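The values are calculated or read from the model by the stated rules, or taken from the named source; none is laboratory data. Predicted model only: the values in this text are computed from it and were never measured. Neighbour counts run over all protein chains shown; Cβ positions are idealised from the backbone, glycine included. The accessibility values were calculated without ligands, DNA or RNA, using every heavy atom of the protein model including side chains. Shrake-Rupley method; radii C 1.70, N 1.55, O 1.52, S 1.80 Å.
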Amino acid sequence: MTATLPRSLPVTGAALVTTAVVGGLGTDVRSAWYARLTKPAWEPPGWVFGPAWTTLYSLIAVASARTIDRIEDPGDRRRYQVALGINLVLNIGWTWVFFTAKRPKLALAEILLLEVSTIDLLRRSARHDPTSGALLAPYAAWVAFATTLTAAIVKRNPDA
């Protein structure tokens with residue numbers, strides 16, 4: 001038995017590559033501003049984030065494509081695509097608010113919205129394809145971790 005790729009994978013893959021590129025353009029972990037922030041000891045080393053996000057973006061692309069391909073109702077499919085688009089905009093938004101605008105408190109509020117959106121996306125996916133829901137679970141867990149990390153940075157840097 002050979003596995004076939006989801007029909008929607010080229011579109012979701014392109015959306016996730018775009019998310020990665022635009023988000024990456026707004027990220028500068030080598031900036032003097034970021035270096036001055038007091039961060040928790042449990043912050044992962046910088047090299048972890050690239051492989052983690054590459055893996056997560058791949059999982060999101062596959063899970064979303066599988067879900068889109070399994071939604072029969074055009075209205076439901078469109079609502080899922082809108083939810084995915086909102087999630088990806090929020091994903092990009094955190095890097096720009098945190099690193100480019102240098103607004104950790106606002107970034108914390110933004111990432112809380114991202115976590116709500118991510119859980120909603122997981123729920124929507126699982127309803128149509130349990131495997132897709134499972135593929136999105138690491139993304140939801142990572143965003144929860146990133147939310148905790150952002151909150152720790154805000155707490156340690158009240159004037160930032």
Quickly work out the VAL17-to-LEU112 label distance, labels modelled 7 Å from Cα along the C-beta direction, and quote it in nm with one decimal. 3.6 nm
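If I compute solvent accessible area with a 1.4 Å probe over the protein chains, what percent of it on the range 2-108 is carbon and sulfur? Working shown, then result.
Numbers: 3940 of 6060 Å².
The value for the range 2-108 is 65 percent carbon and sulfur by accessible area.
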FRET efficiency for THR131 and VAL29 from the Cβ-Cβ distance with R0 = 41 Å, rounded to 0.05, comes out at 0.75
Given (1) 1.09; (2) 1.14; (3) 1.04 as candidate values of Cα Rg over 2.2 N^0.38 Å, which corresponds to the one derived from the coordinates? (1)
Using 0.36 nm per residue, how much length does the chain from LEU5 to ASN157 gain when fully extended, once their Cα-Cα distance is taken away? 50.2 nm
Just to confirm a number: summing +1 for Lys and Arg and -1 for Asp and Glu over residues other than LYS102 whose beta-carbon lies under 11 angstrom from that of LYS102, what do you get? +2
If you place +1 on the Cβ of every Lys and Arg, -1 on the Cβ of every Asp and Glu, and leave all else neutral, what size is the dipole of the chain about its Cα centre, to the nearest 20 Debye? 260 debye
Hypothetical label at PHE145: residues of the range 31-53 whose amide nitrogen lies under 16 Å (7 Å Cα-Cβ projection): 40-53
What net charge is computed for the residues neighbouring LEU90, neighbours being all others with C-beta under 12 Å from the C-beta of LEU90, Lys and Arg scored +1, Asp and Glu -1? -3
Rounded to two decimals, what is Rg over Rh for the range 3-84 when you use alpha-carbon atoms and the Kirkwood radius? 1.13
Express in whole angstrom the spacing between the alpha-carbon centres of the range 136-160 and the range 37-85. 16 Å
